[in-house]
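Heads up, the thing below is written out as structure tokens.
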Amino acid sequence: MNKALKLNSIEQFPLLSVLRREDKEQLCEYMTYRKVPRYSKIYQAGEASEHIFFLIKGTVKIAKASEDKKEVIKTLIHPFTIFGEKGLVGEQYRSDFAQTLKGEVQLFAVKVEDFRRLMFRNFELTNQIMSLFGDRLIKAESKLEALVCKDARTRIIEFIKNAITERGQRIGYEMLLKHSLTHQDIANITYTSRQTVTLVLNELKKNNLIYFNRGRILVRDIAKLA
């Protein structure tokens, strides 16, 4: 990918809006463009945390396998977001893994040591990174609280509402969510089972609160979704 296309991609990342022109050009030199096929690992647990990644197309799940080999999805990464960033604050080896979903992913990889050079030169960038860590910590705490205090049905509905609010497309009075998730993925995100996800989605569909098929969830009225 040429420099002009890299610069255009950098402009799409809110996190990088604080960079000066010369810093953006330097970041272009650090960036390596990659295409990753669907259902492929970008990094594995136990690998050295040597790179951070800038997602420009597709969806990536950050997940961990529990002791009983069940998968727990910590978060989903969508375009123009960074991931694998814990190496910036001292993580030496990955504690989780990153994997593409049902579509090809396009991203940039940047060495941690190179990105740190930019952070040292730009206090606002460091501020942005700290805000990112703070936001992700708050979301992790909210998920833990939901696991302890809310039942499975509530967690599934809240996942739908949050996803619709963040990435949904309004169609008249309805909201459409396009996604790359299986029922098992939703279960792994909400700490439930695939069977429970299917039961809850079918119940909401029967009550005309949502309509869904593969890759799409249409919410009739988000205010009534409860």
Inset, instruction - Rounded to whole Å and sorted largest first, list the principal axis extents of the Cα atoms in the chain. - result: 56, 44, 31
Inset, instruction - With a Förster radius of 35 Å, plug the Cβ-Cβ distance of Q26 and K74 into 1/(1 + (r/R0)^6) and report the FRET value to the nearest 0.05. - result: 0.70
Inset, instruction - For K102 and R121, compute 0.36 nm times the residue count separating them, minus their Cα-Cα distance, and round to one decimal in nm. - result: 3.0 nm
Legend entry - Cβ-derived FRET efficiency at R0 30 Å, T154 paired with R214, nearest 0.05: 0.75
Inset, instruction - Among A146, Y191, I160, pick out the residue whose Cα is farthest towards the positive end of the charge dipole of segment 134-226, where Lys and Arg carry +1 and Asp and Glu carry -1 on C-beta, about the Cα centre. - result: I160
Inset, instruction - List the relative contact order of the chain as a percent without decimals, with contacts defined as Cα pairs under 8 Å and 6+ residues apart. - result: 19
Inset, instruction - Give the distance, in whole Å, between the Cα centre of segment 86-121 and the Cα centre of segment 41-70. - result: 10
Inset, instruction - Using only the Cα atoms of segment 113-177, build the gyration tensor, take square roots of its eigenvalues as a ≥ b ≥ c, and label the shape rounded, prolate or oblate: rounded if a/c is under 1.5, else prolate if a/b is larger than b/c, else oblate. - result: oblate
Inset, instruction - With a/c under 1.5 counting as rounded, go ahead and sort segment 1-68 into rounded, prolate or oblate using the C-alpha gyration tensor (a ≥ b ≥ c being the square roots of the eigenvalues; past the cut-off, prolate if a/b is larger than b/c, else oblate). - result: prolate
Inset, instruction - Treat every Asp and Glu Cβ in segment 61-113 as -1 and every Lys and Arg Cβ as +1, leave all other atoms uncharged, and give the resulting dipole magnitude about the Cα centre to the nearest 20 debye. - result: 120
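If I stretch the segment between R34 and K206 completely, what's the gain in nm (0.36 nm per residue apart, minus their alpha carbon distance), one decimal?
Details: separation 172, 0.36 × 172 = 61.92 nm, distance 4.29 nm.
Going from the current span to full extension adds 57.6 nm.
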Inset, instruction - Provide the solvent-accessible area of E50, counting protein heavy atoms only and rolling a 1.4 Å probe, rounded to the nearest 10 Å². - result: 110
Legend entry - For a label point 7 Å along the Cα-to-beta-carbon line of L199, residues of segment 134-148 with backbone N under 19 Å: 147-148
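Given the DSSP H assignment, sum -39500 (n - 2.57) over each helix run of at least 4 residues in the chain and divide by its residue total; what's the result at 222 nm in deg cm²/dmol, nearest 500? Can you show the working numbers first?
Numbers: 7 runs with 92 residues, N = 226.
The per-residue figure over the chain is -13000 deg cm²/dmol.
Note down the magnitude of the dipole of the chain about its Cα centre, charges +1 on Lys and Arg C-beta and -1 on Asp and Glu C-beta and zero elsewhere, to the nearest 20 debye. It would help to have the intermediate numbers written out before the result.
On the way: 39 positive and 27 negative charges, 165 e Å.
The calculation lands at about 800 debye.
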Inset, instruction - Evaluate the charge dipole of segment 114-226 about its Cα centre and quote only its size in Debye, nearest 20, assuming +1 on the Cβ of each Lys and Arg and -1 on the Cβ of each Asp and Glu. - result: 300
Legend entry - Potential lengthening between Q184 and L137 on full extension [0.36 nm per residue; Cα-Cα distance subtracted]: 14.5 nm
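The values are calculated or read from the model by the stated rules, or taken from the named source; none is laboratory data. As the structure is a computational prediction, the values presented were derived from the model and not from experiment. Quick reminder, even Gly has a Cβ in these numbers, built from the backbone with ideal geometry, and neighbours come from all protein chains shown. Side chains included, ligands, DNA and RNA excluded: accessible areas come from the protein's heavy atoms. Shrake-Rupley method; radii C 1.70, N 1.55, O 1.52, S 1.80 Å.
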